[in-house]
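Q: The structure under discussion is supplied below as C-alpha cells; questions concerning it will follow.
Computed from the coordinates by the stated procedures, all read-outs in this text should not be read as laboratory data. In this text the structure is predicted, and so the values were computed from the model without any measurement. Note that we place each Cβ from the backbone using ideal geometry, even for glycine, and neighbour counts take in every protein chain shown.
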Amino acid sequence: MEKVKFTAMKDGDREDYEFLIGHEIDYAAKTGERLLAAMVDLDKSLSGYQVTRLGHSLQAATRAWRDGADTDWVVSALLHDIGDIYAPYNHDEYAATILKPFVREQCAWVVEKHGDFQKLYYAHHVGGNPHSRDAYKGHAYYDDCATFCERWDQNSFDPDYPHEGIEFFRDQVEQVFARKAYDPAVIRAGERVELTDPTIAKERNT
Ligand SMILES: [Fe+2]
Ligand SMILES: [Fe+2]
C-alpha cells in the first residue's frame, strides 16, 4: 500500500488509518530538522533592524547557552520568534504552540508571554502600554519571563555580538523534538529551573 484508499475521511478503514499513523510517526520524527530549516527562512523577515530575525534568534540562544541554561531554555530562546514568519500579530503564541508538547511548561509559558513582557522596552515610544506584563504579576513564571527578556531577548539586536551558527544548536533542537509529546516527565508542570547557572556558564565560556 503506497496511499490510502479513501478520498473522504469517513470512508477510510482501519488499514488506511494504521498506514497513516506509520507515516505520521516518520514525519514527526523530522520536526526538529524542519524547524531548523524554517529558522533559516527567518533570515528574510523584518527589515529595519541591524540584525535579521535569524541573527537575533541565534544571539538569544547563544546568550542562553553562555549563561549555562539547560536545553529547554536554549531551544526556547532559539525558537522564540519563529512565529514572525506566519503570525506577525501573535508570534509569541505561535512559537509557544510549537514548543508546548516538548519543553518544560515554564519555558513554553515564557515564550508565549514574551511579547507582552518585551513591551517594557519600547511600547512607551509608540503609544502602547509598557506595563502589559503587569497582567501576570504573581504568576510563578513572571520573574523567569522578565529575565528571559532582559538577558536574552531585548539585547540581542547587536550586529557585533559574536554568536554561534545554526548548526551549533542542531543536536539540541533535534533532541527536544524527538521527545515523546506531552510527556509529564518533560512538562513538569509548575517546576522552575533557573535560566542561568554560573558553574555551567563558566565551563562553557572557558
Ligand atoms: Fe518576540
Ligand atoms: Fe525576540
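Q: Under a point-charge model restricted to the Cβ atoms of Lys and Arg (+1) and Asp and Glu (-1), what is the dipole moment magnitude of the stretch 14-204 relative to its Cα centre, in debye to the nearest 20?
A: Result for the stretch 14-204 is approximately 340 debye, rounded to the nearest 20.
Q: For the stretch 14-204, what is the per residue volume of the convex hull drawn over the alpha-carbon atoms, in cubic angstrom?
A: Once divided by residue count, the hull of the stretch 14-204 is 138 Å³.
Q: Counting other beta carbons within 10 Å of each Cβ, put Val75, Val176 in order, fewest first.
A: Val176, Val75
Q: Residues in the stretch 61-83, backbone N under 13 Å from the label point at Asp171 (7 Å along the Cα-to-beta-carbon vector): list them, ranges by number please.
A: What the label zone holds, given the 13 Å backbone N cut-off, is 71.
Q: What angle, in degrees between 0 and 90 and rounded to the nearest 10, separates the Cα long axis of helix 105-118 from the longest principal axis of the Cα atoms of the chain?
A: That works out to roughly 50 degrees.
Q: How high is the FRET efficiency from Ala135 to Ala189, r the C-beta distance, R0 30 Å, rounded to 0.05?
A: On the way: r = 21 Å, r/R0 = 0.69.
After rounding, the FRET efficiency stands at 0.90.
Q: Taking the Cα-to-Cβ direction at Ile25 and at Glu164 and moving 7 Å from each Cα, how far apart do the two end points lie in nm?
A: Simple spin-label model gives 3.1 nm for this pair.
Q: Let me ask something else. Can you sort Val51, Val173 from fewest to most other Cβ atoms within 10 Å of each residue's own Cβ?
A: Ordered by Cβ neighbours within 10 Å, fewest first: Val51, Val173.
Q: What chymotrypsin sites (Phe, Trp or Tyr not before Pro) does the stretch 39-108 have in DSSP loop regions with at most 15 other beta carbons within 10 Å?
A: Tyr49, Tyr86, Tyr89
Q: For the chain: lysine pairs with Cα atoms under 19 Å, gap of 8 or more or different chains, count?
A: 6
Q: Turning to a different aspect of this structure: Among Val126, Val4, which comes first, then next, by fewest other beta-carbon atoms within 10 Å? Intermediate values should be presented prior to the final figure.
A: Details: Val126 8, Val4 16.
Going from least to most buried by this count: Val126, Val4.
Q: Further, regarding this structure: Between Met9 and Asp41, what is the FRET efficiency for a Förster distance of 22 Å, r being their Cβ-Cβ separation, to the nearest 0.05? Write out the running numbers ahead of the final one.
A: On the way: r = 31 Å, r/R0 = 1.40.
With R0 = 22 Å, the Cβ-Cβ based efficiency is 0.10.
Q: Same structure, new question: Run the quick spin-label model on His125 and Asp143: label points 7 Å from Cα toward the beta carbon, then report their separation in nm to one decimal.
A: So the two model labels end up 3.0 nm from each other.
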